[in-house]
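S.K.: If you scroll down you'll find the structure; I have some questions about it.
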Amino acid sequence: MTDTDQSVPGSASAKRASSSVAAEAKRRRTFAVISHPDAGKSTLTEALALHAQVIAEAGAVHGKSGRKSTVSDWMEMEKARGISVSSTALQFTYIPPDDDAECVINLVDTPGHADFSEDTYRVLTAVDCAVMLIDSAKGLEPQTLKLFQVCKHRGIPVITVMNKWDRPGRTVLELLDEVSERIGLLPTPLYLPVGIAGDFKGLLRRGKDGEPADYIKFTRTAGGATIAPEEYLSAEAALSIEGEDWEAAAEESELLSATGQDHYQETFLAGETSPVIFTSAMLNFGVRQLLQALVELAPPPRSRQNVEGEPRDVTDPFSAVVFKVQAGMDSAHRDRIAFMRIVSGEFERGMVVTHAQTGRPFATKYAQTMFGRDRSTVDTAYPGDVVGLVNATALAPGHTLFSGPAVEYPPIPSFAPEHFAVLRATSAGKYKQFRKAIEQLDSEGVVQVLRNDLRGDASPVLAAVGPMQFEVVTARMRAEFNVETQLDRLPYALARRTDAESATELGRQRGVEVFLRTDGVLLALVSDKWRLQFIQKEHPDLTLEPLVATA
Ligand code: GDP
């Protein structure tokens, strides 16, 4: 398609292009895995890739399981800790067995470390679905809960995976009850495990009204390094082979139906119910069933509303949202990559698009897909795909790129910070660089920057969702701006949105300080939740609203 064709709406070629974009969007699924460290995200990612044909991959995903080597560390700090600070996307194709329609799956990676950053949350603004991965022995863990809150806030449908069923753990019903009681999401298993936790034999596929449809019997392979052979058996055959284990699963299925826990597509898409699959990522059990669920149930990319609330359809001309910016990934040539999720239209490398925030043209000559350190050039991409733009200095999370009719999408919300610190340049002579660096890191969304008159500009307060964001700031200050800094933690634990009317009175309270964030929001930092409760009781008229809640 040439530029001339594109500019003639209604022409035959424009119609052809739009129907091919519609088809490309329809076969895409873009999702992220939300989990607590060690639940098996890396192992599951490897297992998914094993079942599919990887298009763009980093040679391997994180190598914690020891099967492959780690690839995604980008700073010394990260290497020393052996964790991944950044997140990117893995793309693969999958052909469902009963269908010849090939699907394209985009798995957007979330940092897996206990230490959170805003990046983790921003990733969830780029996906259409989330897989909530739970360690069956441990149940719901804190980080999973926090990430789930973001999914809920954004209305992202969630598929639940109970992993490590090959290890002794809890019962099916205990795990399901925990999900419904603690997070108010009604679990509706698609499959139930045959054999208790620690004795994973296969999966009972639930049919209409919980009737067992069939039995998928798995066979272990050495170390789970290859796809586990599957045998499909009838319910009768399953009963004769597995006896009591089958009966137990069939009974559970019936019980669940009695309490209305059957999959229903509308409530799933509305974020009220969650289809559940039991897996062993390590043995590759249930992994294909998860892929199948993603293809059959997860929503494809859909239209997105612009700042005025008007939708831009997937078949409209190209537009994308930047959801993450990563700098200094490669110390050899210090670059800055902005990751965008395509919202509408066809992206072709080399096309010149418009950066909505500045109105300036942006050349996409160096577009890449990447996962970890390996990069490959991307030539075309469609709604749902994630593309990295190299040396994208002006781009920040939440920014819009488009071609054709102008569009701007709503900004990504800043998440509630829980860590606060004052930053100063240790040498007074470096003040200019220091200011420039703060401005730069603030615009990239590395950390939130807060100011008030009392503290002045020379010592801004940094607010972070996870303390590692501070380390990124000091490391980049040194490496890129040649400024040594000193960071002093502040004894505040939470932030609330306030307004000008309440600010003066709040400033008089013990354990409270009021700041202006760069986006114009007034934030009251409070020492702890008891102090907050006390103030709310004593001064019920003061504005103290929660920010985008993640805790
Ligand atoms: P992540 O931190 O969520 O990425 O977790 P990993 O994928 O690194 O897994 C953490 C540990 O759990 C590793 O030792 C894995 O081998 C192990 N593991 C992952 N999935 C399974 C599983 O299904 N069964 C068992 N038994 N172990 C698993």
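S.K.: Can you name the residue in the range 523-543 that is in contact with a helix residue (DSSP H, G or I) (Cβ under 6 Å, 6 or more places away or on another chain) and among the hydrophobic types (A, V, I, L, M, F, W, C) and is also surrounded by the most Cβ atoms within 10 Å (Cβ to Cβ) among such residues?
M.R.: Pass one, the range 523-543, residues in contact with a helix residue (DSSP H, G or I) (Cβ under 6 Å, 6 or more places away or on another chain): 524, 526, 542-543.
Among the residues that remain, those that are also among the hydrophobic types (A, V, I, L, M, F, W, C) are: 524, 526, 542.
Working: Ala524: 26, Val526: 24, Leu542: 19.
Restricting to residues being in contact with a helix residue (DSSP H, G or I) (Cβ under 6 Å, 6 or more places away or on another chain) and among the hydrophobic types (A, V, I, L, M, F, W, C), the top hit is Ala524.
S.K.: Looking at the structure I just gave you, is Thr279 within 16 Å of the ligand (Cβ to nearest atom), touching a residue at least 24 places away in the same chain (Cβ under 8 Å) and touching a strand residue (DSSP E or B) at 6+ places or on another chain (Cβ under 8 Å)? Before you say what the answer is, go through the steps one by one.
M.R.: Values: within 16 Å of the ligand (Cβ to nearest atom): yes; touching a residue at least 24 places away in the same chain (Cβ under 8 Å): yes; touching a strand residue (DSSP E or B) at 6+ places or on another chain (Cβ under 8 Å): yes.
When the stated conditions are applied, Thr279 passes them.
S.K.: Sticking with this one: What residue, of Ala228, Ala238, is aliphatic (A, V, I, L, M) and away from the ligand (no atom under 16 Å from the Cβ)? Even if it seems obvious, please write down each step before you answer.
M.R.: Numbers: Ala228 fails: away from the ligand (no atom under 16 Å from the Cβ).
Selected residue: Ala238, the only one of Ala228, Ala238 that is aliphatic (A, V, I, L, M) and away from the ligand (no atom under 16 Å from the Cβ).
S.K.: Is it true that Glu24 is buried (at least 16 other Cβ atoms within 10 Å of the Cβ), of a type in the set (Asp, Glu), more than 8 Å from the ligand (Cβ to nearest atom) and modelled with pLDDT of 85 or more? If you could, list the steps in order and put the result at the bottom.
M.R.: Working: buried (at least 16 other Cβ atoms within 10 Å of the Cβ): yes; of a type in the set (Asp, Glu): yes; more than 8 Å from the ligand (Cβ to nearest atom): yes; modelled with pLDDT of 85 or more: yes.
Spelling it out, Glu24 is indeed buried (at least 16 other Cβ atoms within 10 Å of the Cβ), of a type in the set (Asp, Glu), more than 8 Å from the ligand (Cβ to nearest atom) and modelled with pLDDT of 85 or more.
S.K.: Here is a further query. Checking Ala320 against (1) within 16 Å of the ligand (Cβ to nearest atom); (2) outside the structural domain of Asn163 (by the TED database); (3) of a type in the set (Gly, Ala, Ser), only one condition comes out false. Which one?
M.R.: (1)
S.K.: Scan the range 460-492 for residues that are assigned to a loop (DSSP other than H, G, I, E, B) and either in contact with a Leu (Cβ under 7 Å, 6 or more places away or on another chain) or within 15 Å of Gln448 (Cβ to Cβ) (or both) and jot them down. Break it down stepwise before answering.
M.R.: Taking the range 460-492 first, the residues assigned to a loop (DSSP other than H, G, I, E, B) are 460, 465-467, 482-484, 490-492.
Scanning the range 460-492 gives Pro460, Val465, Gly466, Pro467, Leu490, Tyr492.
S.K.: Looking at the range 111-124, can you tell me whether even one residue there is within 16 Å of the ligand (Cβ to nearest atom), farther than 25 Å from Ala270 by Cα and at pLDDT 90 or above?
M.R.: no
S.K.: What pairs come up if the first residue lies in the range 161-187 and is in contact (Cβ under 8 Å) with a residue 40 or more places away in the chain, the second is of a type in the set (Asp, Glu), and their beta carbons are under 7 Å apart, counting only those six or more places apart or on different chains?
M.R.: Between residues of the range 161-187 that are in contact (Cβ under 8 Å) with a residue 40 or more places away in the chain and residues that are of a type in the set (Asp, Glu), the close pairs are Asn163/Asp135; Lys164/Asp135; Val172/Glu252; Leu173/Glu252; Leu186/Glu272.
S.K.: Then there's this: I'd like to check which helices (runs of 4 or more DSSP H) are fully inside the range 195-302 and have at least 2 residues that are of a type in the set (D, E, K, R).
M.R.: On the way: elements: 235-242, 244-258, 265-269, 287-297.
Counting at least 2 such residues, we get 235-242, 244-258, 287-297.
S.K.: In the list Asp199, Asp245, Asp209, which residue meets the criterion of being surrounded by 15 or more Cβ atoms within 10 Å (Cβ to Cβ) and either assigned by the TED database to the domain that holds Leu147 or farther than 20 Å from Ile134 by Cβ (or both)? Before the answer, list the steps.
M.R.: Values: Asp199 fails: surrounded by 15 or more Cβ atoms within 10 Å (Cβ to Cβ); Asp209 fails: surrounded by 15 or more Cβ atoms within 10 Å (Cβ to Cβ).
Answer to the selection: Asp245.
The values are calculated or read from the model by the stated rules, or taken from the named source; none is laboratory data. Being a predicted model, the structure only gives us computed values, none of them experimental. No Cβ is skipped: glycine too gets one built from the backbone with ideal geometry, and neighbour counts run over all protein chains shown.
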